[in-house]
Amino acid sequence: MTQPVVEVENLTKRYRGAKENAVDGISFSVAAGEFFTLLGPNGAGKTTTISILTTTLNATSGAARIVGHDIRREQSAVRQNIGIIFQQPSLDFNLTAEENIRFHAVLYGLYPFRPAYSTMPRAYKQQVSELAALLGLENEMGKPVKKFSGGMRRKLEIIRSLLHKPGVLFLDEPTSGLDPLSRRTLWEYLSRVRRERGTTVFLTTHYLDEAEGADQVCIINRGRIVAQGSPDQVKAQLTETYLLIDSQERNKLRDELRRLKVEFTETASFRINLHGNDVQKIIKAIETPLSLVKTHDPSLEDAYLEIIKES
Amino acid sequence: MREVYAVLTLAYRDLMKLLRDPARLISSLMFPLLFIVILGGSMQAALGSGSSFDYIAYIFTGVFAQTLFQSAAMGVISLIDDRENDFSQEVFVSPISRYTIILGKIVGETLVAMVQAIGVVAFGLFVGVRLSIAQLIGLGWSGIVTCLFGAAFGVIILSNLNNRRTADQVFPYIMLPQFFLAGVFNPMQSLPWYLDFLSRISPMRYAVDLTRDIFYIGRTDYANAIVQGPAYNLTLMAVVFLIFLFIGTFMFVRKEQNR
């Protein structure tokens, strides 16, 4: 098995002066090429986690490795190997698209610094024009970013973050503030990037639907991991199928259920958690005439909303 | 080499951000304009005509140094909220050292302040300050020294701040008193001991005085305008610059990740 691209072990962060841990002993690992989603409500600890993994914040305890580099001891190597899309736009709006890209390229040591585009090395110019063509921005690279739409800015940021060929691309709630159409184009573009380059993607989001296409989902709440695995596994962990029954003769039904040793909770009707038990078997055993029989199979969204409500 | 390119990139970015933003450029020249043209002009008209004291030249040189010192200091202090802003977020996660970031910021804010210096000199010429080529060159290098000194002052302040709110709150305490204790507008020759003490611990004073050392060389009113000679001011500024820079950078880098 190949080494994971992101390995997190018992990571904990308590901000100075805070009473509770913002991130509370989380562990997970992300394999190369995987699409990983950290899902959780606002304030769950997603941005804190991403800040620690991208070396802008020190953890209180625990360890993490990115592409084999320790986040505390090998910060420079970690930074060289990651690309980041921040929650807030990270572009200089008064500068041109090309300048925003050029500054990034120089800071990552890809090219020497030159004050004008025309004096930059040929390889750089070629890379920029290829990227511009990919985005359909051939004639826009010399224009200030403030003239770009929100969706175009996001695309420009993604392109820029891939310039130094990072092993893993972090996206911190990249779609907040985008209209539905820009959101969709962004996802289409991202999946193309993943297909063509095999880039590992580490996404944080509070939208469930954005997590559904992931290879691995980690649901985090109040700094702790609540559920972890493929979207299907997470659903199985979080949701429970149950049976609802009721009768005109409630007392009789209640006695019968007790006699049959079926666990239930009584509210407006009788709720029986199935725990994998066969519905038919239960129904067959009951002799009291039933006025209601209903099985309920909650969606992942129901489960996720439960989590958010608790916080 | 890569860190050198990074410093150049960061500095160039700061300069371009100013030049592409005419509104910011104009507003940064608003205070020098008010001070030199209105304050200087009115002082000269009301008080200067009967005496030998050249108010216009005095206020011009004071405001020149104050503008550069303050611009460089506040520019460096702006690193406090850069982690959440525009391209600066990128800078903090890029694989360059934190020392390079500080250095790039210092060079960049020096360039930004020197652009403003051109405007300040233009105002001076407009209100009738006479400048020789030698004086202009002198102002050029004392201006750069002032910017670097102001930037180092910014680094030590920055290293003691936690967020933009506190930065805005401390501004009236760290900058405004220096306007008057540094002798930007008011002569510093015979101060009562307590004001003299406060003046001596105001870093801006040495930048203002150095600027006048250069500007007033060979003028008959040299002794009236300056407090200490250039050698004294330069030596003191060099020592304080190094102290502010090293302690400030060390503290900033350490604090940056231990939130």
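Could we say that residue A:257 is more than 30 Å from residue A:216 (Cα to Cα) and touching a Phe, Trp or Tyr at 6+ places or on another chain (Cβ under 8 Å) here? Give the derivation first.
Numbers: more than 30 Å from residue A:216 (Cα to Cα): yes; touching a Phe, Trp or Tyr at 6+ places or on another chain (Cβ under 8 Å): yes.
Yes; evaluated as a whole, the condition is true for this residue.
All but one of (1) modelled with pLDDT under 90; (2) away from every other protein chain (no Cβ under 14 Å); (3) out of contact with any strand residue (DSSP E or B) (no Cβ under 9 Å at 6 or more places or on another chain) hold for residue A:16; state the number of the condition that does not hold.
Status for residue A:16: all satisfied but (2).
Hey, could you check segment A:54-71 for residues that are among the hydroxyl-bearing types (Ser, Thr, Tyr) and surrounded by 22 or more Cβ atoms within 10 Å (Cβ to Cβ) and say which is farthest from the chain's Cα centre (by Cα)?
Of segment A:54-71, the ones among the hydroxyl-bearing types (Ser, Thr, Tyr) are A:54-56, A:60-61.
Right, trim to surrounded by 22 or more Cβ atoms within 10 Å (Cβ to Cβ) and you get A:54-55.
On the way: A:54: 15, A:55: 19 Å.
Checking each candidate, the answer is A:55.
Take segment B:4-30 and flag every residue that is surrounded by fewer than 18 Cβ atoms within 10 Å (Cβ to Cβ), of a type in the set (D, E, K, R) and within 19 Å of the chain's Cα centre (by Cα).
Within segment B:4-30, B:24 is the sole residue that qualifies.
Could you tell me which residue of segment A:72-96 is farthest from the other protein chains (Cβ to nearest Cβ), considering only residues that are more than 20 Å from the chain's Cα centre (by Cα) and over 24 Å from residue B:85 (Cβ atoms)?
Per the criteria, the residue is A:73.
Taking residue A:240 as the residue in question, decide whether it is surrounded by fewer than 14 Cβ atoms within 10 Å (Cβ to Cβ) and either assigned to a helix (DSSP H, G or I) or in contact (Cβ under 8 Å) with a residue 12 or more places away in the chain (or both). Don't jump to the end; show me each part of the working.
On the way: surrounded by fewer than 14 Cβ atoms within 10 Å (Cβ to Cβ): no; either assigned to a helix (DSSP H, G or I) or in contact (Cβ under 8 Å) with a residue 12 or more places away in the chain (or both): yes.
No.
Yes or no: segment B:122-145 includes at least one residue that is within 14 Å of chain A (Cβ to nearest Cβ), surrounded by fewer than 19 Cβ atoms within 10 Å (Cβ to Cβ) and out of contact with any Pro (no Cβ under 8 Å at 6 or more places or on another chain).
Going residue by residue through segment B:122-145, those that are within 14 Å of chain A (Cβ to nearest Cβ) are none.
Checked against the condition, which is being within 14 Å of chain A (Cβ to nearest Cβ), surrounded by fewer than 19 Cβ atoms within 10 Å (Cβ to Cβ) and out of contact with any Pro (no Cβ under 8 Å at 6 or more places or on another chain), segment B:122-145 yields no hits at all.
The values are calculated or read from the model by the stated rules, or taken from the named source; none is laboratory data. Model, not experiment: these values are computed from the prediction. Heads up, the Cβs are rebuilt from the backbone with ideal geometry, glycines too, and the neighbour counts pull from every protein chain shown.
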